[in-house]
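In what follows, a single structure is set out as structure tokens and then discussed.
The values are calculated or read from the model by the stated rules, or taken from the named source; none is laboratory data. Keep in mind it's a predicted model, so treat the numbers as computed, not measured. Positions of Cβ are backbone-derived with ideal geometry, glycine not excepted, and every protein chain shown enters the neighbour counts. Side chains are part of the model used for accessible areas, which takes the heavy atoms of the whole protein and leaves out ligands, DNA and RNA. Shrake-Rupley method; radii C 1.70, N 1.55, O 1.52, S 1.80 Å.
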Amino acid sequence: MKFGNSILGRGPKALALGATLMWLGGCTHALHMVHEGDLSPSAKLGEARRVMAEGEQRVVMGFVGQTDYVDQARAKLEAQCRGGQITGIQSRYSTSHGFLSWTNRVRFQAYCVE
Amino acid sequence: MRHHRALRFLHDFSSRLRFARITVVALSLTPMLLSGCAIMHHTQVGEIDSQAVLKGRRFEILISETGVNFDEAARVGKALTQHQQTRDDIGGVAGIISLFQMGPRTGNQVFSPMYADKAFDLIRKECPRGVVSGLVSIRETAKYPVVSGEIVKIIGYCRET
């Protein structure tokens, strides 16, 4: 198989450079939004426990399979603090890029005061 | 003799003019290269406790990560070379890389989105035993050629109790 003058036909150095660039460029992310919620004045954070929940949505060529990942993440967060008060919630929404696909992620981090 | 002097004057004048032109171009490009454009993507305000805002201490948390614009890097790479084959190669690699970077973007791409999570602990450090209120979360980009600062800024008020 002849690659002619393309990058594939220019030796191992060019291939290594291309592979490195693809590796570097293949693990990128985009941070869309970060929000910090207020800390409740009544909450004693010295006794608080940290809780965290994540949800993700895989998108292949623009086709979405799951649309309730944010609700699921919120339910996971609530489940970690039954009977307590969740305060100081940090919400992060980001996207991890991939080959012809991407993954949208939400991450909630908060304090659980029981 | 007079003719020779006139020629020399003209030569000196054209050299000075060329130098002045280069200086003007360099001076006009320098601010463009050194300064960035700030782009705000998102902002959100939390609850406001007037006592904390009026009597409390204002704090600001700034977290930044380097973003890279691969399309712009490829364009710069192409502009820097006159060799057609190298230009084609750069274009080819940029095209392949873009296939690995599909998805929505806010600002430039970063190599980890977790840098923003630090804000959670930094707020507590700013106000370990007080009331935190009036939090404003800002997501913005400071754009420079090829790279950018992907910024998360948190402004808040701490009232010590």
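Tabulated results
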{"read-out": "Filtered residue count, the range B:119-141, keeping only those that are farther than 15 Å from B:H42 by Cβ and open to solvent by less than 30 Å² (accessible area, probe 1.4 Å)", "value": "8"}
{"read-out": "Residue within the range B:120-129 that is under 22 Å from the mean Cα position of the chain (by Cα) and in the same structural domain as B:V147 (by TED's automatic domain parsing) present", "value": "no"}
{"read-out": "Residue within the range B:80-101 that is closer than 21 Å to A:M33 by Cα and either at pLDDT below 90 or assigned to a helix (DSSP H, G or I) (or both) present", "value": "yes"}
{"read-out": "Any pair with Cβ under 8 angstrom, 6 or more apart, that starts in the range B:61-72 at a residue that is within 22 Å of B:I96 (Cα to Cα) and ends at one that is assigned to a helix (DSSP H, G or I) and β-branched (V, I, T)", "value": "B:F70/B:I97"}
{"read-out": "Condition check for A:R74: touching a residue at least 24 places away in the same chain (Cβ under 8 Å) and in contact with an Asp or Glu (Cβ under 6 Å, 6 or more places away or on another chain)", "value": "no"}
{"read-out": "Selected residue [open to solvent by 70 Å² or more (accessible area, probe 1.4 Å), touching a helix residue (DSSP H, G or I) at 6+ places or on another chain (Cβ under 8 Å) and within 14 Å of another protein chain (Cβ to nearest Cβ)] from A:F63, A:F99, A:F108", "value": "A:F99"}
{"read-out": "Identity of the residue in the range A:86-96, touching a residue at least 60 places away in the same chain (Cβ under 8 Å) and in contact with a helix residue (DSSP H, G or I) (Cβ under 7 Å, 6 or more places away or on another chain), that ends up nearest to the other protein chains (Cβ to nearest Cβ)", "value": "A:S94"}
{"read-out": "Residue match in the range B:137-146 (condition: among the aromatic types (F, W, Y), over 25 Å from B:F59 (Cβ atoms) and more than 7 Å from every other protein chain (Cβ to nearest Cβ))", "value": "yes"}
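Residue-wise test of (1) open to solvent by 60 Å² or more (accessible area, probe 1.4 Å); (2) modelled with pLDDT of 75 or more.
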| residue | (1), (2) |
| --- | --- |
| B:H4 | yes, no |
| B:R8 | yes, yes |
| B:L27 | yes, no |
| B:L33 | yes, no |
| B:E47 | yes, yes |
| B:L54 | yes, yes |
| B:R57 | yes, yes |
| B:E60 | yes, yes |
| B:I63 | no, yes |
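Okay, residues lined up against (1) at the interface with chain A (Cβ under 7 Å from one of its Cβ atoms); (2) open to solvent by 60 Å² or more (accessible area, probe 1.4 Å):
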position	(1), (2)
B:N69	no, no
B:I90	no, no
B:L99	yes, yes
B:D117	yes, no
